[in-house]
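Right, one structure below, let's go through it.
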Amino acid sequence: MKDKLHQADRTSLLADIAEMYFLDGKNQNEIARKVGMTRSNVSRLLKEARQMGIVQIQINHPIQEINSLAREMVERFDMTDAHIIQVDHSSQLMSTLGRAAGRILMEHLAPGVVLGTAWGTAISATVDHLVITNRVPDIKVVQLLGALGSRIQGYDGHGIVRRLEELLDAEGIYMNAPFFVDDANTAELLLETSSIKETLNLAKQADIALLGVGSLDLSQCSFYLAGYVPKNEILEIQKTGAIGDVCGRFFNIHGEVTANEYQNQLIGIAIDDLTKIPIRIGVAGGNAKIDPIIGALRGKLVNILITDSVTALEVLKRTKNP
């Protein structure tokens, strides 16, 4: 018990010293005089605070958009808009795209808007980087797709809606069902329940959809990584020509819906209803997302794309010839 108390006291001391240095702007000599230790001890404790994760430093480089690439993407795929972000370090890719997407999402929010959202790391990064300067009243946030499950709450559908509800002071409408069930009959029964029908009816009225673009690459596939769809079934889905998904709906490189047997086991908005949502913001980047982005744009599942310059250049290269 004494050891635990000693550790708690030390952690508190580290936090206090870090706060004085990083937030209050005191130099190490001032802190040393205040806490009664040498300057070298203060320096050592600041280093320890960073190593323990008490202090976490994030550098937000200015977001640079490449307008010429954006114009070419819009023309190539007949989109509403595109935002192509210069990213110099691959380790910063998702954070940088999230920052850009957070700003762009806020530009589209207006009083009374219904915002539909799926789930995934790109959407989670977008929510992480929302900057709320002025509250927009009467927003509803609706879940477009059933839940992944408790193992990955950070970017699960319920978690995304809950975080947006808190950040935007919005009303959250949840889809209380798994996104994928064992057979089509079970899916049909769930889709007929009053609570899910109510959520889907509101989803159809969404003004904006915030979407990721999923890959069927096993290293990137949320279905597989979440443990919902085993490897052998992912491989079967790939055999139908599927290369990606948006909101759980699989498509091939031409943007055509495929893997219909699996589509019938999903609990979420139908693809025809999804494409009727006026603003469909897709956030995705990286090598594994190149072909899925091409399919999503050809299928009109996304009409505003936020991606990085390396990915955009490769998308344009692969679609140069009809």
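The values are calculated or read from the model by the stated rules, or taken from the named source; none is laboratory data. What you see is a predicted model; the values in this text were computed from it and never measured. Note: ideal-geometry Cβ built from the backbone for every residue, glycine included; neighbour counts use all protein chains shown.
From the set of residues in segment 191-205 that are over 12 Å from residue 116 (Cα atoms) and either among the hydroxyl-bearing types (Ser, Thr, Tyr) or touching a residue at least 60 places away in the same chain (Cβ under 8 Å) (or both), which is surrounded by the fewest Cβ atoms within 10 Å (Cβ to Cβ)?
Of the residues in segment 191-205, the ones over 12 Å from residue 116 (Cα atoms) are 191-198.
Now narrow it down to the ones that are either among the hydroxyl-bearing types (Ser, Thr, Tyr) or touching a residue at least 60 places away in the same chain (Cβ under 8 Å) (or both): 191, 193-196.
Numbers: 191: 16, 193: 13, 194: 7, 195: 13, 196: 19.
Selected residue: 194.
With the condition kept exactly as written, say whether any residue in segment 235-246 is under 23 Å from residue 158 (Cα atoms) and surrounded by fewer than 23 Cβ atoms within 10 Å (Cβ to Cβ). Within segment 235-246, not a single residue is under 23 Å from residue 158 (Cα atoms) and surrounded by fewer than 23 Cβ atoms within 10 Å (Cβ to Cβ). Being closer than 28 Å to residue 293 by Cα and either not assigned by TED's automatic domain parsing to the domain that holds residue 277 or not in a helix (DSSP H, G or I) (or both) is the requirement here; does residue 175 meet it? Here the answer is yes, as residue 175 does meet what is asked. From the list 207, 217, the one residue that fits, being in contact with a Pro (Cβ under 8 Å, 6 or more places away or on another chain), charged (D, E, K, R) and assigned by TED's automatic domain parsing to the domain that holds residue 173, is 207.
Restricted to segment 219-233, and to residues there that are surrounded by fewer than 14 Cβ atoms within 10 Å (Cβ to Cβ) and more than 18 Å from the chain's Cα centre (by Cα), the residue that is nearest to residue 113 (Cα to Cα) is 227.
Pick from 261, 256, 314, 236: which is acidic (Asp, Glu) and under 24 Å from residue 116 (Cα atoms)?
On the way: 261 fails: under 24 Å from residue 116 (Cα atoms); 314 fails: under 24 Å from residue 116 (Cα atoms); 236 fails: under 24 Å from residue 116 (Cα atoms).
After applying the criteria, what remains is 256.
For first residues located in segment 172-184 and touching a residue at least 24 places away in the same chain (Cβ under 8 Å) and over 19 Å from residue 161 (Cα atoms), partners that are part of a loop (DSSP other than H, G, I, E, B) and not hydrophobic (A, V, I, L, M, F, W, C) and lie 6+ apart or on another chain with Cβ distances below 9 Å form the pairs 181/146; 181/265; 182/265; 183/264; 183/265; 184/264; 184/265.
Could you please give the count of residues in segment 92-102 that are surrounded by fewer than 18 Cβ atoms within 10 Å (Cβ to Cβ) and either under 15 Å from residue 302 (Cβ atoms) or modelled with pLDDT of 95 or more (or both)? Residues in segment 92-102 being surrounded by fewer than 18 Cβ atoms within 10 Å (Cβ to Cβ) and either under 15 Å from residue 302 (Cβ atoms) or modelled with pLDDT of 95 or more (or both): 0 in total.
State all residues of segment 295-322 that are part of a helix (DSSP H, G or I), within 24 Å of residue 88 (Cβ to Cβ) and not charged (D, E, K, R); if no residue qualifies, say none. Listed by number, the residues that qualify are 309, 310, 311, 312, 313, 315, 316. The set of residues from segment 258-280 being more than 18 Å from residue 304 (Cα to Cα) and either surrounded by fewer than 16 Cβ atoms within 10 Å (Cβ to Cβ) or outside the structural domain of residue 293 (by TED's automatic domain parsing) (or both) comprises 260, 261, 264. Among the residues of segment 99-134, those identified as in a helix (DSSP H, G or I), free of Cβ contacts under 8 Å to residues at least 60 places away in the same chain and under 27 Å from residue 201 (Cα atoms) are 102, 106, 107, 124, 127.
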